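To start, the structure itself, in structure tokens.
The values are calculated or read from the model by the stated rules, or taken from the named source; none is laboratory data. Everything numeric in this text was worked out from a predicted model, so none of it was measured. Cβ placement follows ideal geometry from the backbone for every residue including glycine, while neighbour counts extend to all protein chains displayed. These accessible areas exclude ligands, DNA and RNA; they are computed on the full protein's heavy atoms, side chains included. Shrake-Rupley method; radii C 1.70, N 1.55, O 1.52, S 1.80 Å.
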Amino acid sequence: MSEESPPLSSPALSAHILVFLIITLFGVLIYGHTLKVPFYMDDFINVKDSLYAIKSLSLTELVSASFSGFARYRPLANLSFTLNYYLHGLGLPGYHLVNIAIHVINGILLYLFLFKTITLAPLRHRCQRPMHIAAVASLLWFVNPVQIQSVTYIVQRMTSMATLFFLCSFLFYVYGRQSTKGFARVSLFAFAALFWLFSIASKEIGFTMPVLIFAYEWLFFQDLDLAWLKRSSLYVVTGLTGLLTTVYLVYHYSPINLLTAISPVRGYTAFERLLTQGRVIFAYINLLLFPCPARLNLNHDVSVSHSLFSPFTTFVSFAGLLALLVGAIVMAKRHRLVAFCVIWFFANMAIESLAASIEPMFEHRVYLPSMLFFLPLAWVGFMSFSKPKIVVAAMTVLMVVFSFWTYERNMLWNDPVAFWEDAARKSPNHYRPHFNLGNSYLHGKSYDRAIFAFQKALTLTPPYPTEIYTNMGMVYLETGQHDLALQSLNRAVTLNPNNYIAHDLLATLSKKDENHAAALKHYQAAIRINPNFAASYHNLGLLYMDMGKSESAVSALQQAIILRPKSTGAYSSLGLAWARQKRYDLAIPALQKAIGIDGENQEAMFNLATAYSMIGQFEMAVQTYKSLLEIDQKDVEAMHNLGMIYLKHLKNMQQAGFYFKKALAADPDYDQAATVRDILSKIQVSNSQ
């Protein structure tokens, strides 16, 4: 049964293009205001701290970037983040634009997949409006607020990328299955296999593809032929064995882990987590049907099921799941499309439902499973009413509501404090919202509130308390409470000796106390634990400068730049290190590079102006100081230095007086105020003569 779909007429092609444009427009409208949403949670360890930064687009560099970083089993996702950094550093809009583009492409691919499926021979004669059904089903999925985590949360590009390649693979399989030309058929199947591997290389959820292709083949191409199913059983067993063996060899995970694995940091067994997933899956279904922002949360607090009857809703949920699966099998002959939608949902939920060590529920996990969720609704709607306008109107209202909720929820993502306050209200007994709320208060310099939130998180049995003690140490360090900072950071390192951030902060604390030996030891420990942590190399370079070891400082700062080539701070510090060696020929280009990356880097601008002065390029120094004052009109030191350049080198008493007076007006008591007043009085006497 390899009958091909009828070719598209010109009006049909234009209708397809219209659907593509509508999906793109919705993407821009509901996600366009998220370009400056900051990093959240795992964004830091996957993107900001452990990212492998490439220096060129050579194959060697690209391969190294793919298999470095925190998530080494997800090389394509790693590579995408690396390419983002290569193009624009840690600038947020670029990361979000890629995520939004992937979501838009997924919406279009989903529409094509649904349309292709509906127009297959077993369904074509029953459906008069395949475009309407495919468009409505894909748009309801696309604008659903539940998908936000896979789009706005930068690191969950792993999920959306895996989904993109998953859909590509499926489409190539379908087109290959329908092709009657040998070479084209083999080529399409080869591309299907390649994109399947790409999906797995983005995130492990791609492993379910063979199961779904088998189900799709049986339902739509083999017309539920039991003889074919029997003949294929050997291939199924062989393929499943090979797949499980691969999973075991690569991830060291086997079905036996479901019974024996224990997650000590989370306090439950793998089997308990599996029992919990029955309730979680119904929670996902509930959210998909009614996804108003008040019900959405980055961290849902789900109680663990300890047995099939504890709580009793565990039994109810598994009975419900069993009923759905049995119903899908029973209805397969008459309602094969609905049956496949059910199979798609549960098969794609399986990977993350069976994983032992991850938390029970995150909304991004329903991104791929939910892609066919609204297809039965659209199918029934258009098949039940003779007037499609009524169905289109009803579905449009639902899309508008979903879109409004998505836009509203995304607004909250733009404000980390409000976001985590909302999460803490919704999950008051989960440690993570309180911990991240404390981080948001810390970045906003609300230190008392940050400590309160961290202390609250510590009372809620966090699996990784070392992170909380680390950030408490950061607060105490910022507020000058060095004893409390030392106590918190030592506690963090005791709980996890590989906490590189805590080591970095302990080094900073030792440096403030002028204990250079201890600072050196902790910076080196941080670098040994995470060789990609550029911040420690930068801080180590600054420490070496304080110790008078200029050559070592240069070496450390150059390594920081290798790891983070778009780090304006590292270039600025490197320029200063070269300047202290009087290597202005190297200092000036480094400082110019820093300003080129960030045109408002005031430290780099000040150091560059100083370097120009040291080599006698006073006009360039003046120009740079003036640029600095355009950014910070209260920089007294820049005003003073301008006055001195005009006084001593450019012999312009009027301009010298102008900038000296500005400096005194900004701060009448700054260090050299008395000297400047004396200079001004002499200028005044000179002018009167």
Lone qualifier among V330, V326, V338 - being touching a Pro at 6+ places or on another chain (Cβ under 8 Å) and over 26 Å from Q149 (Cα atoms): V338
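Kindly check whether there is at least one residue in the range 3-16 that is at positive phi, modelled with pLDDT under 85 and either outside any helix (DSSP H, G or I) or within 20 Å of the chain's Cα centre (by Cα) (or both). Working first, answer last.
Restricting attention to the range 3-16, the residues satisfying the condition of being at positive phi are none.
No, the range 3-16 has no match at all.
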Output the residues belonging to the range 363-392 that are crowded, with 21+ Cβ neighbours inside 10 Å and either without any contact (Cβ under 8 Å) to a residue 40 or more places away in the chain or not in a helix (DSSP H, G or I) (or both). Y367, L368, F373, F374
Can you tell me how many residues in the range 284-300 are crowded, with 18+ Cβ neighbours inside 10 Å and either over 18 Å from F142 (Cα atoms) or in contact with a strand residue (DSSP E or B) (Cβ under 8 Å, 6 or more places away or on another chain) (or both)? 4
Within the bounds of the range 619-637, is there any residue that is polar (S, T, N, Q), within 22 Å of T568 (Cβ to Cβ) and open to solvent by less than 70 Å² (accessible area, probe 1.4 Å)? yes
Residues that are out of contact with any strand residue (DSSP E or B) (no Cβ under 6 Å at 6 or more places or on another chain), buried (at least 16 other Cβ atoms within 10 Å of the Cβ) and free of Cβ contacts under 8 Å to residues at least 60 places away in the same chain: does the range 68-78 have at least one? yes
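For residues in the range 163-180 being within 30 Å of V151 (Cα to Cα) and among the hydroxyl-bearing types (S, T, Y), which is most open to solvent (accessible area, probe 1.4 Å)?
In the first step, residues of the range 163-180 are kept if they are within 30 Å of V151 (Cα to Cα); the result is 163-175.
Restricting the remaining residues to those that are among the hydroxyl-bearing types (S, T, Y) gives 163, 169, 173, 175.
Details: T163: 0, S169: 2, Y173: 16, Y175: 105 Å².
By that ranking, first place goes to Y175.
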Given the range 442-532, what helices (runs of 4 or more DSSP H) lie entirely inside it while holding 2 or more residues that are among the polar types (S, T, N, Q)? 465-478, 482-495, 500-512
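Inside the range 315-340, can you point out the residues that are of a type in the set (A, V, I, L, M, F, W, C) and either free of Cβ contacts under 8 Å to residues at least 12 places away in the same chain or outside any helix (DSSP H, G or I) (or both)? Don't jump to the end; show me each part of the working.
The first filter runs over the range 315-340 and keeps only residues of a type in the set (A, V, I, L, M, F, W, C), leaving 315-316, 318-319, 321-326, 328-332, 337-340.
The answer is F315, V316, A319, L322, A323, V326, I329, V330, M331, A332.
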Pick from K511, K566: which is touching a helix residue (DSSP H, G or I) at 6+ places or on another chain (Cβ under 9 Å), at pLDDT 90 or above and either open to solvent by less than 30 Å² (accessible area, probe 1.4 Å) or among the charged types (D, E, K, R) (or both)? K511
Determine if the range 281-288 includes at least one residue that is more than 23 Å from L219 (Cβ to Cβ), modelled with pLDDT under 90 and not polar (S, T, N, Q). no
Is the range 427-437 home to any residue that is in contact with a Lys or Arg (Cβ under 8 Å, 6 or more places away or on another chain) and open to solvent by 10 Å² or more (accessible area, probe 1.4 Å)? yes
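Would you pick out the residues in the range 533-563 that are in a loop (DSSP other than H, G, I, E, B) and farther than 17 Å from V47 by Cα? Outline the logic, then answer.
Let us first name the residues in the range 533-563 that are in a loop (DSSP other than H, G, I, E, B), namely 533, 547-549.
Result: M547, G548, K549.
Of these, F404, F419, which one is aromatic (F, W, Y) and open to solvent by 50 Å² or more (accessible area, probe 1.4 Å)? Break it down into steps so the answer makes sense when it comes.
Numbers: F419 fails: open to solvent by 50 Å² or more (accessible area, probe 1.4 Å).
Step by step, each of F404, F419 is checked, and only F404 is aromatic (F, W, Y) and open to solvent by 50 Å² or more (accessible area, probe 1.4 Å).
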Take residues that are of a type in the set (S, T, N, Q) and over 30 Å from S386 (Cβ atoms) and tell me which of the helices (runs of 4 or more DSSP H) falling wholly in the range 100-208 contain 1 or more. 157-178, 182-202
Would you please list the contacts, defined by Cβ atoms under 7 Å and residues six or more apart or on different chains, that run from a residue in the range 458-479 that is free of Cβ contacts under 8 Å to residues at least 60 places away in the same chain and at negative phi to a residue that is surrounded by 16 or more Cβ atoms within 10 Å (Cβ to Cβ) and assigned to a loop (DSSP other than H, G, I, E, B)? L460/H430; T466/N496; T466/N499; I468/P462; T470/N499
Using the structure shown, decide if V302 is more than 25 Å from K426 (Cβ to Cβ) and either aliphatic (A, V, I, L, M) or part of a loop (DSSP other than H, G, I, E, B) (or both). no
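Quick check, is A65 touching a residue at least 60 places away in the same chain (Cβ under 8 Å) and either crowded, with 20+ Cβ neighbours inside 10 Å or in contact with a Lys or Arg (Cβ under 8 Å, 6 or more places away or on another chain) (or both)?
Details: touching a residue at least 60 places away in the same chain (Cβ under 8 Å): no; either crowded, with 20+ Cβ neighbours inside 10 Å or in contact with a Lys or Arg (Cβ under 8 Å, 6 or more places away or on another chain) (or both): yes.
So A65 does not fit the description; no.
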Can you tell me which residue in the range 398-430 is modelled with the highest pLDDT, limited to those that are over 21 Å from the mean Cα position of the chain (by Cα) and among the hydroxyl-bearing types (S, T, Y)? S403
Can you tell me how many residues within the range 439-484 are of a type outside the set (A, V, I, L, M), more than 20 Å from L495 (Cα to Cα) and buried (at least 18 other Cβ atoms within 10 Å of the Cβ)? 2
Cβ-Cβ below 7 Å, separation at least six or inter-chain, first residue in the range 31-54 and in contact (Cβ under 8 Å) with a residue 24 or more places away in the chain, second assigned to a loop (DSSP other than H, G, I, E, B) and of a type in the set (A, V, I, L, M): which pairs? Y31/V151; N46/A71; K48/L90
